[in-house]
Amino acid sequence: MKLLVFNASPRKSSGTTDVLLETFIEGARSSGADVEKHHIVDLEINGCRGCFNCWWVTPGKCIQRDDMDKLLPAISEADLMLLGTPIYGRNVTHYLQKLLERTFVFTLPEMVNRDGETQHPGRVSRFPRMILAATCGFPDTSNFDIVRALYPMALPIFLPAAQLLLYEEGKKQLSGFLQAVRLAGQKITAGEELTRKMKDELIVEYSDEMKKAIVEMHNRYSESLSQ
């Protein structure tokens, strides 16, 4: 199975988002998956211009020449696409937005109604199944509401207060979550469906007491940097 991975964090391998991606990849490789990974910040990707040439002038082909020339075929050939993004300013990064904007070429200009919702039919025979791993600094899962709204079709992997991964004690507290991410990578790339319980374990929920402790820890750290 072909797994295509995009890290939309500007911190690349030094960020907590990449920890989740690499954990999923570890599970995927244990099932024999063929993995291709990119840090979007290293790629030349322009945003969609909204010119609609890919609809009516050069059907299915963007007029812009950049790294999407090689990535679009890779996306259409992949079985799974794992996306990773931190939440900055309560939004996904612009790196992720630019990448997905450019998949507009995969749609046809006609409008159709499917299950009560108006859509553009696909130009390609298939689009890879999406898994979206997101991290944020706040301890509340409500910070991922924008991700749910933008990508309702994606399997979510959400880690609030991801900075806990930077501490040994935090890693211990999140060991069960990381194990669940690794198992998801193994199961999904093996063609197996996740149970409801497995999916629930991919979203970290903290108790009110833990949230309070995270906030206090952050404020102490912030104060130390301000002195």
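The values are calculated or read from the model by the stated rules, or taken from the named source; none is laboratory data. Here the structure is a predicted model, which means the values were calculated and not measured. Because the Cβ atoms are built from the backbone with ideal geometry, glycine has one as well, and the counts that use them run over all protein chains shown.
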(1) surrounded by fewer than 17 Cβ atoms within 10 Å (Cβ to Cβ); (2) under 30 Å from residue 101 (Cβ atoms); (3) hydrophobic (A, V, I, L, M, F, W, C) all hold for residue 166 apart from (2)
Residues located in the stretch 97-136, provided they are touching a helix residue (DSSP H, G or I) at 6+ places or on another chain (Cβ under 7 Å), closer than 27 Å to residue 202 by Cα, of a type in the set (A, V, I, L, M) and part of a helix (DSSP H, G or I): 99
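From the list 154, 161, exactly one residue is touching a residue at least 40 places away in the same chain (Cβ under 8 Å) and either acidic (Asp, Glu) or more than 18 Å from residue 24 (Cα to Cα) (or both). Which is it? I'd like the intermediate steps shown before the answer.
Details: 154 fails: either acidic (Asp, Glu) or more than 18 Å from residue 24 (Cα to Cα) (or both).
Criteria check complete, one pass: 161.
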When the stretch 1-46 is checked residue by residue, the ones that are polar (S, T, N, Q) and either assigned to a strand (DSSP E or B) or in contact (Cβ under 8 Å) with a residue 24 or more places away in the chain (or both) are 7, 9, 13, 16, 17, 23, 30, 31, 46
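Suppose we filter the stretch 109-135 for residues that are within 15 Å of residue 78 (Cβ to Cβ), among the basic types (Lys, Arg) and at pLDDT below 95; how many remain? Explain how you work it out, then say what you get.
So the first thing to find is which residues in the stretch 109-135 are within 15 Å of residue 78 (Cβ to Cβ), and the list is 122, 124-132.
If we keep only those that are among the basic types (Lys, Arg) as well, we get 126, 129.
If we keep only those that are at pLDDT below 95 too, we end up with 126.
Residues flagged as within 15 Å of residue 78 (Cβ to Cβ), among the basic types (Lys, Arg) and at pLDDT below 95 within the stretch 109-135 amount to 1.
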Residue pairs, Cβ under 6 Å, 6 or more apart or interchain, first in the stretch 60-76 and closer than 22 Å to residue 130 by Cβ, second at pLDDT 95 or above and among the basic types (Lys, Arg). List them. 68/102
Identify the single condition in (1) polar (S, T, N, Q); (2) surrounded by 14 or more Cβ atoms within 10 Å (Cβ to Cβ); (3) more than 26 Å from residue 164 (Cβ to Cβ) that residue 58 does not satisfy, given that it satisfies every other one. (2)
Matching residues in the stretch 61-70 - criterion: being surrounded by 15 or more Cβ atoms within 10 Å (Cβ to Cβ) and in a loop (DSSP other than H, G, I, E, B): 62, 64, 67
Going through the stretch 161-180 in order, the residues found to be part of a helix (DSSP H, G or I), among the hydrophobic types (A, V, I, L, M, F, W, C) and closer than 17 Å to residue 144 by Cβ are 162, 164, 165, 177, 180
